[in-house]
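Peer 1: Could you have a look at this structure, given as structure tokens, before my questions?
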Amino acid sequence: MQCVVLAAGEGKRMRPLTASRPKVMLPIGNRPMVEHLVIAARDAGINEFIFVVGYGERQIRQHFSDGSPLGVAIRYVTQRSQMGTADALNAARGLISGRFLLLNGDMILKTDDIRRMVNGSAPCVGTFHSDHPRDYGAVIVEDGMIHGLEEKTEHPKSDLINAGVYLFDPDIFELVDDVQVSSRGELELTDALAVLIERRQLYAYPLHCWMDVGYPWDLLIANASMLGEMDPACQGEIEEGVTIHGKISLGEGSVIKSGTYIEGCCSIGKNCSIGPHAYIRGSTSIGDGCHIGHSTEIKNTIVMSDTKIPHFNYIGDSIIGSGCNFGAGTKVANLRHDRATVKVRGKDTGQKKFGVVVGDGVQFGINCSLNVGTIVGANTKIAPHSFLEGYIGENSQVN
């Protein structure tokens, strides 16, 4: 069976992290999120993939190549106009030869769910129970068939959502051909699904495990989950006097220096220098070529490649882009005094602890302070002793 992966979008809700990479290439557990999806589908028995790419496609092609490093075959098609999901599926049409699985590239799925779904009936939509269905397309299911589909609405009639997982036969393209441009200016796959629903021909498959990765704080939730399932591995050097509790993965060429205390689960990439006397707490991923220095504490955070956090820093519950440098004594706040959930640019994260989102190439002077929910755009330069909160745009200068 073939698997079509929709990976053409930028992911504007992930800005500034997607300023220099497509959303599906954001790291979770030190792998691009879409790589987890490919591995789950591969382990379910699928070995032929079609990636629909667009924004930042070069990074996707360079990383995955022909798929052979993962033991699969990957081909690519470019969605030129990026006019919606039906348009994306239509871009892959010429490469599809039979029944196929269609996946949004920005989610986490488990192998068991994929295996069961592809062995079921088509056409089929994967569904999932959500405690905030108004943020998705809600579906009404009766006796295993979908009887209704609601686009985002404030008062949905069901807590079941369309999870962006589909099983189709090639005849779906007959319906895609009839899809008209929507009020949003897009060709939407849901219009083709509506025809199947009217004919009582659309099956539902209840997914047991599914995670949507739509916002930066979703990255942290997914990261913690994937790290909890990783196999421990040590290809680097751990000096005498290091204390490790829980599972860690340490990449080739990396060194954990004496006095460092690590609480798993943590993933540290290749050619990193950790310590001496660093404190790395659970659910932390540190990318390749990073330096976490003396008396620095990192907790429940994603640090992307080539970032330096050298000494006397604290970063918690945050996402830090690549190529950043933190001046000594820079601290991140991750908890409001009133213990309310943190908001980012007016959006409630639903998290009582959430720190900051820092884009690529940001340079901090010494002793900077970042308040909860702050976003710092890529390539911004921050003067020493600065206090930051709210939103700082890309290429800014904070004096």
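The values are calculated or read from the model by the stated rules, or taken from the named source; none is laboratory data. Quick caveat, the model's predicted, so the values are computed rather than measured. FYI the Cβ positions are ideal-geometry reconstructions off the backbone, even for glycines, and counts take in every protein chain you see.
Peer 1: I need a count of the residues in the range 108-148 that are within 20 Å of Val195 (Cβ to Cβ) and either among the aromatic types (Phe, Trp, Tyr) or in contact with a Gly (Cβ under 6 Å, 6 or more places away or on another chain) (or both).
Peer 2: 1
Peer 1: Does Leu70 satisfy the criteria of being crowded, with 23+ Cβ neighbours inside 10 Å, assigned by TED's automatic domain parsing to the domain that holds Gly120 and either closer than 28 Å to Ile172 by Cβ or not charged (D, E, K, R) (or both)? Spell out the reasoning first.
Peer 2: Working: crowded, with 23+ Cβ neighbours inside 10 Å: no; assigned by TED's automatic domain parsing to the domain that holds Gly120: yes; either closer than 28 Å to Ile172 by Cβ or not charged (D, E, K, R) (or both): yes.
No: the conditions fail for Leu70.
Peer 1: Would you mind finding the one in Glu174, Glu154, Glu150 that is of a type in the set (Asp, Glu), free of Cβ contacts under 8 Å to residues at least 24 places away in the same chain, surrounded by 14 or more Cβ atoms within 10 Å (Cβ to Cβ) and over 26 Å from Asp43 (Cα atoms)?
Peer 2: Working: Glu174 fails: surrounded by 14 or more Cβ atoms within 10 Å (Cβ to Cβ); Glu154 fails: surrounded by 14 or more Cβ atoms within 10 Å (Cβ to Cβ).
Of the residues listed, the single one that is of a type in the set (Asp, Glu), free of Cβ contacts under 8 Å to residues at least 24 places away in the same chain, surrounded by 14 or more Cβ atoms within 10 Å (Cβ to Cβ) and over 26 Å from Asp43 (Cα atoms) is Glu150.
Peer 1: Now for a separate question. Please tell me if Ile298 is buried (at least 20 other Cβ atoms within 10 Å of the Cβ), closer than 26 Å to Gly214 by Cα and in contact with a Ser or Thr (Cβ under 6 Å, 6 or more places away or on another chain). Step through it out loud before you land on a result.
Peer 2: On the way: buried (at least 20 other Cβ atoms within 10 Å of the Cβ): yes; closer than 26 Å to Gly214 by Cα: yes; in contact with a Ser or Thr (Cβ under 6 Å, 6 or more places away or on another chain): yes.
It is true that Ile298 is buried (at least 20 other Cβ atoms within 10 Å of the Cβ), closer than 26 Å to Gly214 by Cα and in contact with a Ser or Thr (Cβ under 6 Å, 6 or more places away or on another chain).
Peer 1: Kindly establish whether Gly275 is among the small types (Gly, Ala, Ser), closer than 21 Å to Leu220 by Cα and touching a strand residue (DSSP E or B) at 6+ places or on another chain (Cβ under 8 Å). Working first, answer last.
Peer 2: Details: among the small types (Gly, Ala, Ser): yes; closer than 21 Å to Leu220 by Cα: no; touching a strand residue (DSSP E or B) at 6+ places or on another chain (Cβ under 8 Å): yes.
Answer is no for this residue.
Peer 1: Does the range 248-268 hold any residues that are on the phi < 0 side of the Ramachandran plot, surrounded by fewer than 24 Cβ atoms within 10 Å (Cβ to Cβ) and of a type in the set (Gly, Ala, Ser), and which are they?
Peer 2: Those that are on the phi < 0 side of the Ramachandran plot, surrounded by fewer than 24 Cβ atoms within 10 Å (Cβ to Cβ) and of a type in the set (Gly, Ala, Ser): Ser249, Gly251, Ser254, Ser258, Gly264.
Peer 1: Any idea how many residues of the range 251-264 are under 12 Å from Thr284 (Cα atoms) and at pLDDT 95 or above?
Peer 2: Residues of the range 251-264 under 12 Å from Thr284 (Cα atoms): 262-264.
Remaining after also requiring at pLDDT 95 or above: 262.
The total comes to 1.
Peer 1: Name the residue, out of Thr111, Thr127, Thr190, that is in the same structural domain as Ala8 (by TED's automatic domain parsing) and in contact with a Pro (Cβ under 6 Å, 6 or more places away or on another chain). Break it down into steps so the answer makes sense when it comes.
Peer 2: Numbers: Thr111 fails: in contact with a Pro (Cβ under 6 Å, 6 or more places away or on another chain); Thr190 fails: in contact with a Pro (Cβ under 6 Å, 6 or more places away or on another chain).
That would be Thr127, the only listed residue that is in the same structural domain as Ala8 (by TED's automatic domain parsing) and in contact with a Pro (Cβ under 6 Å, 6 or more places away or on another chain).
Peer 1: Which residues, counting only those in the range 333-358, are surrounded by fewer than 23 Cβ atoms within 10 Å (Cβ to Cβ), in contact with a Gly (Cβ under 8 Å, 6 or more places away or on another chain) and of a type in the set (S, T, N, Q)?
Peer 2: Hits for the range 333-358 are Thr341, Thr349.
Peer 1: Then there is this: If I filter the range 129-145 down to residues being over 18 Å from Gln201 (Cα atoms), touching a strand residue (DSSP E or B) at 6+ places or on another chain (Cβ under 8 Å) and modelled with pLDDT of 80 or more, which single residue comes out as surrounded by the most Cβ atoms within 10 Å (Cβ to Cβ)?
Peer 2: Per the criteria, the residue is Tyr136.
Peer 1: Restricting to the range 214-259, and then to whatever is under 26 Å from the mean Cα position of the chain (by Cα) and among the acidic types (Asp, Glu), can you tell me which residue is farthest from Tyr136 (Cα to Cα)?
Peer 2: Step by step, filter the range 214-259, then rank; the result is Glu252.
Peer 1: How about the range 323-332: which of its residues are surrounded by fewer than 23 Cβ atoms within 10 Å (Cβ to Cβ) and either at pLDDT below 95 or among the polar types (S, T, N, Q) (or both)? Explain how you work it out, then say what you get.
Peer 2: If we filter the range 323-332 for residues that are surrounded by fewer than 23 Cβ atoms within 10 Å (Cβ to Cβ), which is where we start, we get 323, 325, 327-329, 331.
The one that is surrounded by fewer than 23 Cβ atoms within 10 Å (Cβ to Cβ) and either at pLDDT below 95 or among the polar types (S, T, N, Q) (or both): Asn325.
Peer 1: Could I ask something else about it? Do we have Ser97 as over 29 Å from Asp191 (Cα atoms) and at pLDDT below 95 here? Let's see the steps before the verdict.
Peer 2: Numbers: over 29 Å from Asp191 (Cα atoms): no; at pLDDT below 95: yes.
Considered against the rule, which asks whether it is over 29 Å from Asp191 (Cα atoms) and at pLDDT below 95, Ser97 comes out as no.
Peer 1: Here is a further query. When the range 380-399 is examined, which residues are found to be among the hydroxyl-bearing types (Ser, Thr, Tyr) and within 11 Å of Cys368 (Cα to Cα)?
Peer 2: Kept after step one, since they are among the hydroxyl-bearing types (Ser, Thr, Tyr), are these residues of the range 380-399: 380, 386, 391, 396.
Ser386, the sole residue that qualifies.
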